[in-house]
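These notes concern the structure reproduced below.
Computed from the coordinates by the stated procedures, all read-outs in this text should not be read as laboratory data. Predicted model, so just to flag it, every value in this text is computed and none were measured. Heads up, the Cβs are rebuilt from the backbone with ideal geometry, glycines too, and the neighbour counts pull from every protein chain shown.
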Amino acid sequence: MDGATHVNQFIDMHDIGDALMRAGFAEPVMDMEKIALTYDDARAVMRDLKAIGAHNATAGRGRGLMGKQAWRKVEEAYERYRRDGKLPASYEVVYGHAWKGTEKKLAKISDDGRQVIEFVKKAPRPIERKGSR
C-alpha cells in the first residue's frame, strides 16, 4: 500500500514450547484457537483493535498520522475481504502450560521470584532460487 509494514509478526507456538523447554520447564503443551469476528466497516474493526490495546509494533511501521487519502486506501484494500456484507478480522489465540522441571534443568530464578523465559529470534533462511548456482 505505502511501503510501510501494517501487520505484526508473532512467534510460532511451537517456538514458544521450545523456549519453555530451554528455560527448564518440562512437558510443555501448546494449543491454539482461531477466532473470527465480522464488522460492518473498517472503522469498526479499528475501533475494536484500539479497544483491546492492539497497535503496530513493527520496525517498518509508518511514524506519522494517517491522512484521509491513506485511510481511504485502507478501506478500499479491506473491502476485497468482504463476505456476506461483513468484513472479517481473525485472531489466533495461543494457550500453553508446562510443568516445573527438575532443579538442575530449571532456569535461573531472579531475587524477586520471577523466572524469565528468553525468546531468541531465528535468523531468516536464505531463499534458494532455482538456477542461481
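Can you give the extra length, in nm with one decimal, that the chain gains between Ala44 and Ala19 once fully stretched, where that is 0.36 nm per residue apart less the Cα-Cα distance?
5.4 nm
Taking the chain as a Gaussian network, where each spring joins two C-alpha atoms under 10 Å apart, which residue of Asp15, Asp48, Asp112 fluctuates the most?
Asp112
For the stretch 13-99, build the charge dipole from Cβ charges (+1 Lys, Arg; -1 Asp, Glu) around the Cα centre, then report which of Tyr81, Thr38, Gly67 sits farthest towards its positive end.
Sorting the options by dipole projection puts first Gly67.
Where does the chain land at 222 nm, in deg cm²/dmol rounded to the nearest 500, when only DSSP H runs of n ≥ 4 count, each adding -39500 (n - 2.57), divided by all residues?
The helix contribution divided over the chain gives -7000 deg cm²/dmol.
Tell me which label goes with the value of log10 I(q)/I(0) by the Debye sum over Cα atoms at q = 0.14, 0.15, 0.18, 0.20 Å⁻¹ computed from the coordinates here: [x] -0.92, -0.98, -1.11, -1.20; [y] -0.86, -0.89, -1.00, -1.11; [z] -0.66, -0.74, -0.96, -1.11.
Read-out from the structure maps to [x].
Which far-off residues, 5 or more places away or on another chain, put their amide H under 5 Å from the one on Gly62, with H placed in the peptide plane?
Under 5 Å from the amide H of Gly62: Thr5.
Where the only charges are on Cβ atoms (+1 Lys, Arg; -1 Asp, Glu), what is the dipole of the chain about its Cα centre, to the nearest 20 debye?
So the dipole magnitude of the chain works out to roughly 640 debye.
Would you calculate the separation in nanometres between label points at Arg72 and Tyr91, each defined as 7 Å from the Cα along the Cα-to-beta-carbon direction?
Spacing of the two 7 Å Cα→Cβ label points: 3.3 nm.
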